[in-house]
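Contents: one structure, followed by commentary.
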Amino acid sequence: MIGKEIRLERIMDRNTGRAVIIPMDHGFTLGQIEGLLDMQTVVNEVSAGGANAIILHKGMVKGGHRRYGHDIGLIVHLSASTSMNPDPNDKVLICTVEEAITLGADAVSIHINLGAPQESKMIEAAGVVSRECSRWAIPLLIMIYPRGEGIDPNDPRAIAHCVRVAEELGADLIKTNYPQDEKAFRQIIAACSVPVLVAGGEKGGDLESLKMIDDAIHAGGAGVCMGRNAFQRQNTTEFVHTICRVVHDRENPDKALGRLS
């Protein structure tokens, strides 16, 4: 399907086959948070750092559109929930594939939480979106995580199940948790025909984040989706560039971080 292939090249680096994607959909969930108060500025900062793509909700596309410099891939996120919801893991669709196309999207993304009470509804919605993506030749990124009572979000078996569900739904890209075990992640990647990117995780130490990314790439991962660890800082451009050196240039995390300081 040539349309998907062309659009995926706007998301994934042509030379490495990997991507550094910066999700900026957090405002819907958390409100006016640090780092996303001036969308134009933060989009320019991550673009200057070399990020391959950003993820935005539909209403933020106009304000976040880059009007100068090199282009950056646009993924429009179709799912949402708020932290005020009694069940914040219950994601609903707030945008359609066709609507995302009119906004200039290179791809769309949806969110599924396996193990959540509303899992079935999210899977059903993903099936509808996948069909529409095939119709319009738009790449689909499925963000899928083990989330629910008594579920370990880093359990390799649960993550493997997430990856398989996303693949069977027709994902072109998958984002999920890193199981903190390179061997386990390598086995997950080996059994999947779709590029898998790891989530950046909760805001934490820079070296820890870079080493996690490096381990994931070494195991066959296709890159990282890094949100708050990238944009909630003073040196966003420089840190995104550091991530890109680890992902695309395969620079040692210690060396890459040393350049930052």
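Data table
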read-out	value
Test set (1) acidic (Asp, Glu); (2) surrounded by 21 or more Cβ atoms within 10 Å (Cβ to Cβ); (3) over 16 Å from the mean Cα position of the chain (by Cα) - residue 181 fails condition number	(2)
Residues being touching a Gly at 6+ places or on another chain (Cβ under 7 Å) and assigned to a loop (DSSP other than H, G, I, E, B) - total across segment 223-241	3
Helices (runs of 4 or more DSSP H) contained entirely in segment 1-91, each with at least 3 residues that are closer than 25 Å to residue 134 by Cα, touching a residue at least 24 places away in the same chain (Cβ under 8 Å) and not polar (S, T, N, Q)	2-8
Test: residue in segment 56-76 that is of a type outside the set (Ser, Thr, Tyr), at positive phi and surrounded by 15 or more Cβ atoms within 10 Å (Cβ to Cβ)	no
Close pairs (7 angstrom Cβ cut-off, 6 or more residues apart or separate chains): farther than 12 Å from residue 36 by Cβ in segment 227-238, acidic (Asp, Glu) anywhere	237/45
Scope segment 201-222; condition of a type in the set (A, V, I, L, M, F, W, C) and in a loop (DSSP other than H, G, I, E, B); matching residues	219, 222
Matching option when the condition is surrounded by 20 or more Cβ atoms within 10 Å (Cβ to Cβ) and either assigned to a helix (DSSP H, G or I) or out of contact with any strand residue (DSSP E or B) (no Cβ under 6 Å at 6 or more places or on another chain) (or both), among 244, 192	244
Subset tally (residues that are of a type in the set (Ser, Thr, Tyr) and either at pLDDT 95 or above or in contact with a Pro (Cβ under 9 Å, 6 or more places away or on another chain) (or both)) for segment 36-74	1
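The values are calculated or read from the model by the stated rules, or taken from the named source; none is laboratory data. Computed from a prediction, not measured in an experiment: that's the story for all the values here. Ideal geometry is used to build each Cβ from the backbone, glycine not excepted, and the neighbour counts take in all protein chains shown.
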